[in-house]
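The values are calculated or read from the model by the stated rules, or taken from the named source; none is laboratory data. Predicted, not measured: the structure shown is a model, and the values here were computed from it. When we count neighbours, we look across all protein chains shown, and the Cβ atoms used for this are built from the backbone with ideal geometry, even at glycine. Side chains are part of the model used for accessible areas, which takes the heavy atoms of the whole protein and leaves out ligands, DNA and RNA. Shrake-Rupley method; radii C 1.70, N 1.55, O 1.52, S 1.80 Å.
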Amino acid sequence: MTNPAIDVRSLRKSFGNQHVLDGVDLAVEAGSIFALLGPNGAGKTTLINILATLTAADSGTAIVAGHDVAEDPDGVREAVSLTGQYAAVDEVLTGEENLRMLARLSGFSAEQARARATELLTRFDLTDAAARRAKSYSGGMRRRLDIALGLVADPPVLFLDEPTTGLDARSRQALWRTIRELASAGTTILLTTQYLDEADALADRIAVLDGGRIVAEGSAAQLKARIGGELVEVRSADGVLLREIPTDGSLDSLRRVLADVAADPASVAVHVVVRKPSLDDVFLTITGAAPQSTIDAEQEVAA
Amino acid sequence: MSTATMTMTTAPRVRRPTRLVTTGVMIGRSLRHTVRNVDAMIMAIMLPTMLMLLFTFVFGGAIDGGRGGYVDYVVPGIILLCAGFGAASTAVDVADDMSNGIIDRFRTMPLRAMSVLTGHVVASLARNLLATGVVIGVALLLGFRPNADVLDWLGAIGVIAVFILAITWLYAAIGLAARSVEAANGYGFALLFLPYLSSAFVPTDTMPSWLQWIAENQPITPIIETIRGLLMGTDAGTRPLWAMGWCLVIIAAAYLWGSWLFARRARRN
Ligand SMILES: Nc1ncnc2c1ncn2[C@@H]1O[C@H](COP(=O)(O)OP(=O)(O)OP(=O)(O)O)[C@@H](O)[C@H]1O
Ligand SMILES: [Mg+2]
């Protein structure tokens, strides 16, 4: 990558004696969508807050849009926008007033601010609620307003911390579309998500943060390839998942697994499904949070 | 690499707003908050008005036998109390902002996030001057008869405005120091006792000597005596100087304390 919009080297951050980030390295190409995954408490929000100048790192460097977050925070602030994990809207103001306020604070004239507010209200399907105070919004509406606020200034780098949490399916699809449009217009987007299908569908590259470090990085396809080929799912007659056994995709290993299943006296009347691994499988394997049955299965195959 | 990154899109980029625009937007925001917080507005006006009625009708009779004289004496003190009530909610407003995500949004923008506080302070000034006007109106109805000319009135309003600024900055800093909105409310309430330990309601020479010392040397007394001097023509002596000195010291100290607290909370978060 010749021209990363976000370049993080050996970033460390502790809270008390808890090492939340323990040497994070990350590079995000300009104009790409980058998804940061990780279990709860992995430090995703902490990392994004450091990149958006809200939190100071203990050591390491982070360059965002050419500006060092520690040395030139104002330079970074002119180039980024953060929509945090928790809604940051002014509840006393109406949706429209919130947007206009943000536009004015981003250097728009009063006239431009009004136009920008109208445009974003339309895009985020909030026109009907524009004149209502944000306090009266539903959770999903508030989230949509929150994201719209983050897009007012159209900065070159966008941080979205769990942007689709709490959104209904339609709003989520609409947001995916917006994110893709922004990226194809050149905006660099770093987002976190707990929905792995979202990372799969949206991100050019994915990184998994666990134990304070990036433990895996690559495109969705590359990550899936890491855990091998097809998975064999063993289900009971009524569809309950009994076991999940990874294979390396070769005919040999598939045959061995199937023979094992057939030899098991418990497997009368079971259904066997062979499928490609999903990002969930990757995530569970990499972060060590795999359910017991999968771990057993792995040992079985290894044996 | 920054130029290459910047030229990736043709869309307009974040521009740094001027200080004036930022401050103006924040003032507009806080004024909207003020106007929409009907409860706080009513409290800021009702409580001092009720105190005025209480002091003139209930205590006034017992204190000097007739109502007229005591109204004239007590109004300057009530004006100060009034400003205190209205300013106390600034602590709550600031604490509320700090616990809400909106402040983090401002902090990630290329603007002086401290101007959020300026917005609250200016809104408090507007709110309290309005409340002061109402209280003075009620006082006039109750028989308050100042012998002040236009210049005296302007002077008195100026002193009141400076006092409101001082106490509001103090409350804003308290709001930053408090760990929660409720705590901000509690700490703010404590300050409201200061006017009672002053010459607001009774002359200090009626107090026991230790209390008299406190009352004479705390900031409220010279401010009240200055307003009393301007409105009633009493001799305030050097007290106007003390009054302005106190206010400026409080503003400077609260501003510095507030800036320090704000920066500290910004780093922590
Ligand atoms: N200000 C803070 N003070 C102390 N500890 C903190 C602070 N902020 C975060 N932490 C701790 O750092 C760890 C990482 O938190 P963070 O919010 O970054 O995780 P996350 O990956 O975003 O999790 P989630 O998926 O639940 O949002 C957690 O253990 C959290 O308790
Ligand atoms: Mg988080």
Pull up region A:117-134, narrow it to residues that are in contact (Cβ under 8 Å) with a residue 24 or more places away in the chain and of a type in the set (D, E, K, R), then point me to the one that is farthest from the other protein chains (Cβ to nearest Cβ).
-> A:Asp125
Please work out which residue is surrounded by the fewest Cβ atoms within 10 Å (Cβ to Cβ), limiting yourself to region A:74-94 and to residues that are of a type in the set (Gly, Ala, Ser) and closer than 18 Å to A:Thr53 by Cβ.
-> A:Gly75
Are there any helices (runs of 4 or more DSSP H) wholly within region B:1-111 with 2 or more residues that are surrounded by fewer than 21 Cβ atoms within 10 Å (Cβ to Cβ), more than 8 Å from chain A (Cβ to nearest Cβ) and modelled with pLDDT under 90, and if so which?
-> B:38-53, B:60-64, B:67-99
Which condition does A:Gly84 not pass, out of (1) touching a Leu at 6+ places or on another chain (Cβ under 6 Å); (2) facing chain B (nearest Cβ under 7 Å), if it passes all the others?
-> (1)
Counting only helices (runs of 4 or more DSSP H) entirely within region B:161-269, those with at least 2 residues that are small (Gly, Ala, Ser) are B:181-191, B:209-217, B:239-268
Taking region A:87-96 on its own, how many of its residues are at pLDDT below 95 and more than 7 Å from chain B (Cβ to nearest Cβ)?
-> 1
Please state which one of A:Ala87, A:Ala70 is over 19 Å from B:Gly101 (Cα atoms) and among the hydrophobic types (A, V, I, L, M, F, W, C).
-> A:Ala70
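Scan the strands (runs of 3 or more DSSP E) fully inside region A:138-216 and keep the ones with 2 or more residues being within 16 Å of ligand 2 (Cβ to nearest atom) and within 14 Å of chain B (Cβ to nearest Cβ).
It comes to A:157-161.
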Among all residue pairs at least 6 apart or on different chains, which show Cβ distances below 8 Å where the first residue, located in region A:98-116, is farther than 10 Å from B:Val21 by Cα and the second is aromatic (Phe, Trp, Tyr)?
-> A:Arg116/A:Phe108
Could you grab me the full set of residues in region A:95-114 that are open to solvent by less than 20 Å² (accessible area, probe 1.4 Å) and small (Gly, Ala, Ser)?
-> A:Gly95, A:Ala103, A:Ser106, A:Ala113
For region A:20-38, what are the residues that are within 15 Å of ligand 1 (Cβ to nearest atom) and either free of Cβ contacts under 8 Å to residues at least 12 places away in the same chain or open to solvent by 40 Å² or more (accessible area, probe 1.4 Å) (or both)?
-> A:Asp22
Pull up region A:3-19, narrow it to residues that are more than 14 Å from chain B (Cβ to nearest Cβ) and among the aliphatic types (A, V, I, L, M), then point me to the one that is surrounded by the most Cβ atoms within 10 Å (Cβ to Cβ).
-> A:Leu11
